[in-house]
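Working notes, beginning with the structure itself.
The values are calculated or read from the model by the stated rules, or taken from the named source; none is laboratory data. Model, not experiment: these values are computed from the prediction. Heads up, the Cβs are rebuilt from the backbone with ideal geometry, glycines too, and the neighbour counts pull from every protein chain shown.
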Amino acid sequence: MKSVSIIAAAAVMLASSVNAASSDPRDCEVCMKVMQDVRDAMPKGDQTDKPKIEAALGDHCAKDSLSARERKICYYIDPIKRDVAHPFSLGMPVDRLCKRINKSNSEICGVKFPVQTENLEKKDLTKLRVKQLKSILLDRGVECKGCVEKEEFIAKVQETEHLAGSDEF
């Protein structure tokens with residue numbers, strides 16, 4: 001009897017850790033920004049009309065002022081505009097909308113804005129996770145061979161500060 005309760009407790013802890021891991025605050029951030037920009041640009045009355053939503057998505061994605069990551073989201077959304085327009089027309093919040101369309105293309109929520117590193121001091125870098133430090137180095141095209149400890153990644157980020165570039169791919 002005791003082993004059954006231990007197994008049940010372990011299953012509950014495993015399920016809660018899976019849910020906690022999937023609730024990254026940066027998940028779908030670029031998609032949510034694009035969807036919110038489209039929603040803000042549309043008149044309130046047009047937000048329930050699917051053809052107008054599709055047209056607004058096309059107009060938004062045709063802008064030259066979009067960042068590379070926003071253009072990438074537009075590239076992913078263009079073939080599934082109709083699938084996006086239906087929940088959009090129902091007034092679904094942008095976070096849930098992006099999670100839903102992520103089921104059609106799992107790369108949508110994988111697009112994230114780069115970590116801002118300009119004017120960061122060492123004490124600010126220590127607050128970042130190793131995953132974010134690795135992402136910064138990857139954006140700069142630098143590999144940190146032999147880096148194991150967080151301090152080594154921080155040192156490499158500081159060494160390559162001159163390589164911090166634009167948002168372009």
Selected residue [outside the structural domain of K33 (by TED's automatic domain parsing) and in a loop (DSSP other than H, G, I, E, B)] from L128, L138, L133:
L128
Among the residues of the range 78-99, count how many are under 19 Å from the mean Cα position of the chain (by Cα) and either loosely packed, with under 15 Cβ neighbours inside 10 Å or in a loop (DSSP other than H, G, I, E, B) (or both).
5
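Being out of contact with any strand residue (DSSP E or B) (no Cβ under 8 Å at 6 or more places or on another chain), touching a residue at least 40 places away in the same chain (Cβ under 8 Å), within 23 Å of I136 (Cα to Cα) and not assigned by TED's automatic domain parsing to the domain that holds R140: is that true of K99 here?
Details: out of contact with any strand residue (DSSP E or B) (no Cβ under 8 Å at 6 or more places or on another chain): yes; touching a residue at least 40 places away in the same chain (Cβ under 8 Å): yes; within 23 Å of I136 (Cα to Cα): no; not assigned by TED's automatic domain parsing to the domain that holds R140: yes.
No.
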For N105, work out the one condition from (1) under 21 Å from the mean Cα position of the chain (by Cα); (2) assigned to a helix (DSSP H, G or I) it doesn't fulfil.
(2)
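I'm checking my understanding of the structure. Among residues of the range 111-135 that are surrounded by 14 or more Cβ atoms within 10 Å (Cβ to Cβ) and either of a type in the set (D, E) or at pLDDT 85 or above (or both), which one is farthest from I154 (Cα to Cα)? Even if it seems obvious, please write down each step before you answer.
Taking the range 111-135 as the starting set, the residues that turn out to be surrounded by 14 or more Cβ atoms within 10 Å (Cβ to Cβ) are 111-112, 114-115, 117, 120, 125, 128, 130, 132-135.
Checking the rest, the ones that are also either of a type in the set (D, E) or at pLDDT 85 or above (or both) come to 111, 128, 130, 132-134.
Working: V111: 23, L128: 9, V130: 9, Q132: 10, L133: 7, K134: 9 Å.
Per the criteria, the residue is V111.
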